[in-house]
Structures are given as structure tokens and as C-alpha cells.
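This report concerns only the one structure given below.
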Amino acid sequence: MKSLFCILMACIMLAGTASLANAQNPLGGVLDLIKVSRERDGVIQLPIRFHIVRGAEMTKKGVALEMWLTPEDVRERILPEINRIWQPAGIQWVIESVVEDDIAQVRGRRRLVEDISVATRETSDRTTKIRKLIDVPSHHPAIHNVYFFPYVGETTQGFATFGGSRSVGENPDGGNHCVMGVWTDKPSRAKKPPQRFKMSEGLPFKRGSIGRTCAHELGHNLLLQHPDKETQTVFDRVMGGRRPGYALTPEEIKLARTVAVGRAKTIVKWARKRR
Ligand SMILES: [Zn+2]
């Protein structure tokens, strides 16, 4: 019985080692971060901590916007969509963990949540207010943090940080967090109440999904910007513009990979100090 237990444990440990190559399994600690954050056979792997934010439920046009997303949804539906989109760039996102957070216990938090429920794209302090609510202790200082919030404002599906600056020279590892709404009213241009945002859509692009928005916002983290709608000649792009879709241009891939390498180095440096 004891030996069976040992064999079982050995199998579990072996499975644990193998999971480093599996983008959907959580990582153990700083040593795993060192192992994962690197380039292998041309593929740059970057760890992400996903945060499912609770306590920011709000009502909009009679619909209760609850947090319906589960950790399984993130692992089984959203991450595969993100990685499908980023695969042509040779960038693979690996789940460090999926944590369920309560909103930050800041003063006036209910008021902040209500303000977001009526915010539009023109509401200038919308993202500042959301950032106050997601300023949680589980924010990882080095790796990417993706926050799922019920709703992030009228016709908006997400937003991201660029980091300190938009030039690679000054900002070699980009930004490290972005926020996504799990309810959207973008398809109706806010004429109808928000609906649950699809987790993934696959091909062809119609309305997009949480997975595509994540891929887009992670693109901003890697310093990619929106194409200029007036002058763009390449369409079907994950970074938006006219006739959006899933494609990354060769220039975008080059820039994103440069920034991703910088980010991976920063993570390894951070983790080595904490071994
Ligand atoms: Zn954008």
C-alpha cells in the first residue's frame, strides 16, 4: 500500500513537472516563474495571474451585472483563445494562478461602483476609479495581471496600461495589467442593456469575445497601439482599427516579441531575488 502511495506521488510529481509545458496549469512559485519566463524553440512564454473580481456587482438598464466567470472558464475557454491569437507571434501565455478577489476596501466603494455603471467613454476618471477598486493585495508586482470586472463602462470592453512610456527604450518590459468587462453593450452601441460577453468566438471574427479582448489588451501591455483608421491598409487586426479581426502584422509581432523578452527578463530577475 505504501509503495502504491509512493508510485502515485511520483506520478503526481512527474505530472507537476510536465505541467510547466502545459499552458493551462498553475505554477507553483518563484522557481516556476524562472523556468517559464523564457524563450524556447522561438516561443516566448509569459506568466499571467488572472483575477476574478467580486463585490462590484452593479445594475444597468434593469440588468444585474454579476460576476459570472469561473476559474474553469478562464483556464478552459479564455486562455486557449488568447493563445490561439498570439500563436503566430510565438508568444505563449501561461497561467500562474487564477485568484478570486474582493474589491479593495476603499472608502466610498459603492459610490465608485455606481459611477462606473453610468460611465461612458468620455468619463475621464473611469479607469482611475476602476483601478482604485482593483488595488488588491494579490496584484503581482512582476508578471502580467488580468482583471475581470463586471462592466467597465458604456461600449467599452477593456483597458490596459502601457507602463511608464510607449517607447521600448524607456519601457523595455511594457505594462503589466489590464482590465476586462464580462458584460458588454458594445454590439448594440449601448442602445440595449449589457449582455454576457462571449468567452471565446473562434473564426471568423464577428463580435469578438472576452478572450479576444484579453489578447488585444495584452497587446497594449506589449506596447502595441490601435491602427490609424484613416491610413491603415492591413485589416482583420486584433489591435482593432477598421474591419477588426485576429491578425497581428509582422511589425506588431516584432515589437511585441522585443517587449515580451524584456518582460521575461524582468520576471526572472524579480524571482531570482526571492529564491
Ligand atoms: Zn485598445
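Some notes on this structure:
- Test: residue in region 101-115 that is under 21 Å from residue 222 (Cβ atoms) and modelled with pLDDT of 90 or more: no
- Residues of region 229-260 classified as over 12 Å from residue 215 (Cβ atoms) and free of Cβ contacts under 8 Å to residues at least 60 places away in the same chain, total: 15
- Residues in region 150-172 that are more than 16 Å from the ligand (Cβ to nearest atom) and surrounded by 23 or more Cβ atoms within 10 Å (Cβ to Cβ): 150, 151.
- Condition met for residue 196 (in contact (Cβ under 8 Å) with a residue 12 or more places away in the chain, within 16 Å of the ligand (Cβ to nearest atom), surrounded by fewer than 23 Cβ atoms within 10 Å (Cβ to Cβ) and not small (Gly, Ala, Ser)): no
- Residue match in region 205-227 (condition: farther than 28 Å from residue 54 by Cα, free of Cβ contacts under 8 Å to residues at least 60 places away in the same chain, surrounded by 14 or more Cβ atoms within 10 Å (Cβ to Cβ) and of a type in the set (A, V, I, L, M)): yes
- Residues in region 216-242 that are assigned to a helix (DSSP H, G or I), near the ligand (Cβ under 8 Å from one of its atoms) and of a type outside the set (Asp, Glu): 216, 219, 220.
- Region 105-130: number of residues that are in contact (Cβ under 8 Å) with a residue 12 or more places away in the chain and either part of a helix (DSSP H, G or I) or within 19 Å of the chain's Cα centre (by Cα) (or both): 11
The values are calculated or read from the model by the stated rules, or taken from the named source; none is laboratory data. Quick caveat, the model's predicted, so the values are computed rather than measured. For neighbour counting, all protein chains shown are included, and Cβ atoms are generated from backbone atoms with ideal geometry for every residue, glycine included.
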